[in-house]
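K.L.:
The structure follows.
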Amino acid sequence: MGKPAKAKRGIPSKVEDFNAWYPFIVEAAELVDKRYPIKGMDVWRPYGWKTMRQIDALTHQEMEQTGHEEVNFPLLIPEDLLEKENALVARLKRAREEGVDPDELRDEDDAGFKKEVYWVKHAGENELDIPMFLRPTSETAMYTMFPLWIRSHKDLPLKVYQMVNTFRYETKQTRSFIRVREIHFFEAHTAHVDEADATRQIHQDLEIVDRLMDKLCLPIIKAKRPVWDTFPGAHYTIGIDAVMPNGRTLQVASCHHYLDQWAKAFDITYENLDAKQQHVHQTTYGMSERLLGAVVGMHGDDSGLIMPPDIAPWQVVICPMIRKNSEVDTVSVSMSVADKLRKGGLRVHVDDRDLHPGQKYYDWEIKGVPLRLDIGPRDVEQGTAFAAKRTGGKQPIPMDTILQSVRDVLDEISDVLRARSLQHMGNVIQPLPKFVETNGEWTMIGEIQEGHIYEFPFDGTDVHAEVIERTTGLTFLGDATDEFEQEQPCHMSGKPTKRRVLLAKTY
């Protein structure tokens, strides 16, 4: 009896119906359980949480290596701090729209984030004097404390981060990891002596992104968001988008350069070398569980998940072939091999359940374990383990070099996932069809095809951008951080430019 036919497994086709495949897989692979009685708040199951914790561990590692220190701020924030943030954001937004210096405008009240937050208005039977809300992010909470921590230039740069749950009342359709109401969130906040030092931090953040995404084997686009899609409280925003199988982009991370605007609102100053008070310049860098959603979507197939080895809860699962009346104790040999691999730093599980091998294979295939080792009586006699790669391909590997051989095979699996991702990215990104203007009317020569991201040289106006978005039905991701090598004529104005702008359907 072989493994069940795919049709009998009930797994929808990823290629034919990604929107049905994705929610099926996240539950079938036991990442989350969506049956909790609050919509958009899924329960993390052990396998899913282990995976997320592996991603977190890589992030912790990067933070330690770049001089960030971990903090943990309270979940609740008083309402008056939200009003302070809303007033700042509203003023910065107005300044941007009017093209004036924000310092020339007064703070003004604005509903801002109030529609997105969860409120706490009672403590026991008492109504609170000042209502509180569950953090949507932590700028207001952190920047209330920064003036107490920063006194002189010797206290800078201040670089802190936390991994916490944030809460946003998401009214759109929820989707596990991608659009949820309780978000597993990473946020780094930094304060610097000046704009140049803050800009260097943004460059460091983008290098961290590259290293993390390489381990997740994810293709990404880094793009400076257009002005109208920049967080109003930021000088500029760089969005990091993963490319999903259906050609849509999923923002998995972002970096914001705040200049000194938040510092002025929260009075975060330091004494400079001339013994004068000066406002700090700030940045933030955030990522969420969307990273796991991108891994699921990008690497999985019609048989289940495929976990990149760097984040797989179990990098290797060993299946002893249990034969009745056999003199060879395959379970004992499997435990010994597992011990050797664990001592070499690998995450290993021995599946010694009394089940038919086909059922075990199915279970680990749907969970996306990168490498399965089968050890039967004949393998033991031959001094080998039979290796099955989740990316395809089987081979015997010698027991006497098992640790190095397994490491080599895991590296191969990562390389295959990276190569597939890059190929997908290459196929998805296409040049934008030509636009022609006749008597003030723009026409697109050609059609926008489903499942593609479009690139084009652009140095036009906001009116040009609006024409492109309206005609294509796509969204500006912004200026790619890697521009064209040589100047090209702007798609709309014909002016020479190296700016490489990207358009996509987004989640």
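K.L.:
Restricting to region 146-188, what's the tally of residues that are assigned to a helix (DSSP H, G or I) and either without any contact (Cβ under 8 Å) to a residue 40 or more places away in the chain or closer than 20 Å to I55 by Cβ (or both)?
P.N.:
3
K.L.:
For region 356-390, give me each residue that is among the polar types (S, T, N, Q) and either assigned to a strand (DSSP E or B) or surrounded by 20 or more Cβ atoms within 10 Å (Cβ to Cβ) (or both).
P.N.:
The one that is among the polar types (S, T, N, Q) and either assigned to a strand (DSSP E or B) or surrounded by 20 or more Cβ atoms within 10 Å (Cβ to Cβ) (or both): T384.
K.L.:
Something else now. Of all residues in region 264-297, which are part of a loop (DSSP other than H, G, I, E, B), surrounded by fewer than 22 Cβ atoms within 10 Å (Cβ to Cβ) and touching a residue at least 12 places away in the same chain (Cβ under 8 Å)?
P.N.:
Within region 264-297, D267, N272, L273 meet the criteria.
K.L.:
If you don't mind, there's one more thing I want to ask. With the checklist (1) under 18 Å from P313 (Cα atoms); (2) more than 28 Å from the chain's Cα centre (by Cα); (3) not in a helix (DSSP H, G or I) in hand, flag the one item R342 doesn't pass.
P.N.:
Here R342 meets the rest and fails (3).
K.L.:
Another question about this same structure. Just for region 246-261: of the residues that are at pLDDT 95 or above and more than 17 Å from the chain's Cα centre (by Cα), which one is farthest from I221 (Cα to Cα)?
P.N.:
Result: D260.
K.L.:
While we're on this one: For the subset of region 220-263 comprising residues that are in a strand (DSSP E or B) and among the hydroxyl-bearing types (S, T, Y), which member is farthest from V295 (Cα to Cα)?
P.N.:
Y258
Let's see how each residue does on (1) touching a helix residue (DSSP H, G or I) at 6+ places or on another chain (Cβ under 7 Å); (2) on the phi < 0 side of the Ramachandran plot:
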position	(1), (2)
M244	yes, yes
Y270	yes, yes
A275	no, no
G286	no, yes
I311	yes, yes
R323	yes, yes
E327	no, yes
G344	yes, yes
D354	no, yes
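K.L.:
Something else about it: Quick one: what pairs do we get from region 352-376, first residue without any contact (Cβ under 8 Å) to a residue 24 or more places away in the chain, second surrounded by 17 or more Cβ atoms within 10 Å (Cβ to Cβ), C-beta under 7 Å, 6+ apart or different chains?
P.N.:
Every condition considered, the pairs that remain are R353/K360.
K.L.:
Please note which helices (runs of 4 or more DSSP H) are completely contained in region 1-98 and include at least 2 residues that are farther than 23 Å from S288 by Cβ and in contact (Cβ under 8 Å) with a residue 40 or more places away in the chain.
P.N.:
6-9, 79-98
The values are calculated or read from the model by the stated rules, or taken from the named source; none is laboratory data. Every value quoted in this text rests on a predicted model; they were computed, and no experiment measured them. Using ideal geometry, Cβ is built from the backbone for each residue, glycine included, and neighbour counts are taken over all protein chains shown.
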